[in-house]
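Remarks on the structure that follows.
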Amino acid sequence: MFGKNPGFTIDRTGRFEGGKIQFKLDVQKGIIRSAAVYMVLSTGSPRKKWLRQR
């Protein structure tokens, strides 16, 4: 498809000590049409403990 710019999606997930983070991008004709970031915190996470104290 030389000369064409097909659409694609990017979905990346990473883990860290406090949980998981996920990035999603929808790209059409070289332009990001939508983006989303999801974060899942583990139950032992300092952030969740902080939230429970409030």
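The values are calculated or read from the model by the stated rules, or taken from the named source; none is laboratory data. Given the structure is predicted, the values throughout are model-derived calculations rather than measurements. Counting neighbours? That spans all protein chains shown, and the Cβs are built from the backbone with ideal geometry, glycine included.
Give me the residue from the stretch 4-18 that is part of a loop (DSSP other than H, G, I, E, B) and either β-branched (Val, Ile, Thr) or exposed (fewer than 10 other Cβ atoms within 10 Å of the Cβ) (or both) and, out of that set, farthest from the chain's Cα centre (by Cα). Top of the filtered list is 4.
Give the stretch 19-54 a look and list any residue that's exposed (fewer than 11 other Cβ atoms within 10 Å of the Cβ), among the hydroxyl-bearing types (Ser, Thr, Tyr) and modelled with pLDDT under 90, or say none. If the condition is that a residue be exposed (fewer than 11 other Cβ atoms within 10 Å of the Cβ), among the hydroxyl-bearing types (Ser, Thr, Tyr) and modelled with pLDDT under 90, then 43 is the only one that fits.
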